[in-house]
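Remarks on the structure that follows.
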Amino acid sequence: MPDPELCLLSVHAHPDDEASKGAGTIARYHAEGVRTVLVTCTGGEAGDILNPAMDRPEVVADLPAVRRRELARAAEIIGYEEVVMLGYRDSGMPDTEPNHHPDAFANAPLDEAVGRLVAIIRRERPQAIVTYPDDQSGYPHPDHLRVHDISMPAFERAGDPDAYPDAGDPWQPLKLYYSVWSRRRIEAMHRRFVELGLESPFPPEWLERESQDDRITTTIDLAGFNDVRFDALLAHETQVDPTSPFWFGLPRDEQAAIHPFDDYILARSLVDTEKPEADLFAGVRSRVGRRA
């Protein structure tokens, strides 16, 4: 039975991150009746146009608005019921002009940014939060690092009545997860490209990254929801080239067969559960309705 009191909140850096990370998970929980909320920390203003078909003057001139429209379409496809913009500017990559902009997410006072996220948590009252991991050495984008930096204290302070007293009534989430791409997923996709005689989009440095597979605690079955990620990615027309071998080099059914799961690391939990988990709300469902 769907439980409307359950809420899952995801924190992402830019428009399109919600499509590439955990889209099938959100679709599954939305279909079950869980309230799903997306926090997007920046507007993606510094993103390059990666789809040549969209590299047009009118798109470049209006890129922030275009990316907001793309985000709205993708969120609808995925099943997010609420999209909340944290209100910061895309920081761009290190040592670029956007990285020095005073409104960039990476330059925001940490306490201020945490307070904004705390206010959202208290308003939406999620039991589970999904954010970015502590180890992002493979892609250390300043905004991705900042997502982690604000999510951890926000999880703790949202339930503290002495923290941010003007940000709403305290609400303590019960579980916080890191969304990760497992090594086994990447290696399996690489092998399938090679088996089919195709050039793999995973260069050696991808395959040489330190594995975090031993940290994975939770695997969500995406049966029936594998197509959501592809459709949501395609909604981001400026950021995703529909001919990209990285995203679409293998047929959808091939990708679904290779790794039909989303993987997570349970980073904080105030409930006891057995590992491995198959549910982000493991240990939570029996408690819903017993908290104010």
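Matching residues to (1) without any contact (Cβ under 8 Å) to a residue 40 or more places away in the chain; (2) surrounded by 17 or more Cβ atoms within 10 Å (Cβ to Cβ):
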| position | (1), (2) |
| --- | --- |
| 122 | no, yes |
| 136 | yes, no |
| 144 | no, yes |
| 148 | yes, yes |
| 183 | yes, yes |
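Would you tally the residues in the range 18-57 being assigned to a helix (DSSP H, G or I) and of a type in the set (Lys, Arg)? Working first, answer last.
So in the range 18-57, the residues assigned to a helix (DSSP H, G or I) come out as 18-20, 23-32, 52-54, 57.
Applying the additional criterion that residues be of a type in the set (Lys, Arg) yields 28.
So the count comes out to 1.
Looking only at residues in the range 255-267 that are touching a helix residue (DSSP H, G or I) at 6+ places or on another chain (Cβ under 6 Å) and either outside any loop (DSSP other than H, G, I, E, B) or among the β-branched types (Val, Ile, Thr) (or both), the one that is farthest from residue 201 (Cα to Cα) is 265. Candidates 169, 134, 95, 103: the one that is at pLDDT 95 or above, charged (D, E, K, R) and either farther than 30 Å from residue 225 by Cβ or in contact with a Lys or Arg (Cβ under 6 Å, 6 or more places away or on another chain) (or both) is 169. Residue count for the range 220-251, restricted to those that are of a type outside the set (Ser, Thr, Tyr), assigned to a loop (DSSP other than H, G, I, E, B) and free of Cβ contacts under 8 Å to residues at least 12 places away in the same chain: 1. Taking the criterion of being surrounded by fewer than 16 Cβ atoms within 10 Å (Cβ to Cβ) and either not in a loop (DSSP other than H, G, I, E, B) or not acidic (Asp, Glu) (or both), the residues of the range 272-285 that qualify are 275, 276, 278, 285.
Please give the number of the condition residue 65 fails out of (1) small (Gly, Ala, Ser); (2) under 18 Å from the mean Cα position of the chain (by Cα); (3) in a helix (DSSP H, G or I); (4) more than 13 Å from residue 16 (Cα to Cα). All conditions are met except number (2). Could you tell me whether residue 292 is at pLDDT 95 or above and either assigned to a loop (DSSP other than H, G, I, E, B) or aromatic (Phe, Trp, Tyr) (or both)? Answer is no for this residue. Each residue in the range 83-115 was checked for being assigned to a strand (DSSP E or B) and closer than 19 Å to residue 153 by Cβ, and 4 pass. The set of residues in the range 252-262 that are in contact (Cβ under 8 Å) with a residue 24 or more places away in the chain, within 23 Å of residue 79 (Cβ to Cβ) and over 19 Å from the mean Cα position of the chain (by Cα) comprises 252, 255, 256. In the range 210-251, the qualifying residues are those that are among the hydrophobic types (A, V, I, L, M, F, W, C) and surrounded by fewer than 17 Cβ atoms within 10 Å (Cβ to Cβ), and the one that is nearest to residue 75 (Cα to Cα) is 223. Please determine whether any residue of the range 177-192 is more than 23 Å from residue 20 (Cβ to Cβ) and under 21 Å from the mean Cα position of the chain (by Cα). No - not one qualifying residue is present in the range 177-192. A count restricted to the range 48-74 and to residues that are closer than 23 Å to residue 108 by Cβ and among the small types (Gly, Ala, Ser) stands at 1. Take the conditions under 25 Å from residue 223 (Cβ atoms) and either in contact with a Leu (Cβ under 6 Å, 6 or more places away or on another chain) or not acidic (Asp, Glu) (or both) and apply them to residue 235. Does it pass? The answer is yes for residue 235. Residue-level check: of (1) within 28 Å of residue 182 (Cβ to Cβ); (2) more than 16 Å from the chain's Cα centre (by Cα), residue 96 misses just (1).
The values are calculated or read from the model by the stated rules, or taken from the named source; none is laboratory data. Just so we're clear, the structure is a prediction, and the values are computed from it rather than from any experiment. Ideal geometry is used to build each Cβ from the backbone, glycine not excepted, and the neighbour counts take in all protein chains shown.
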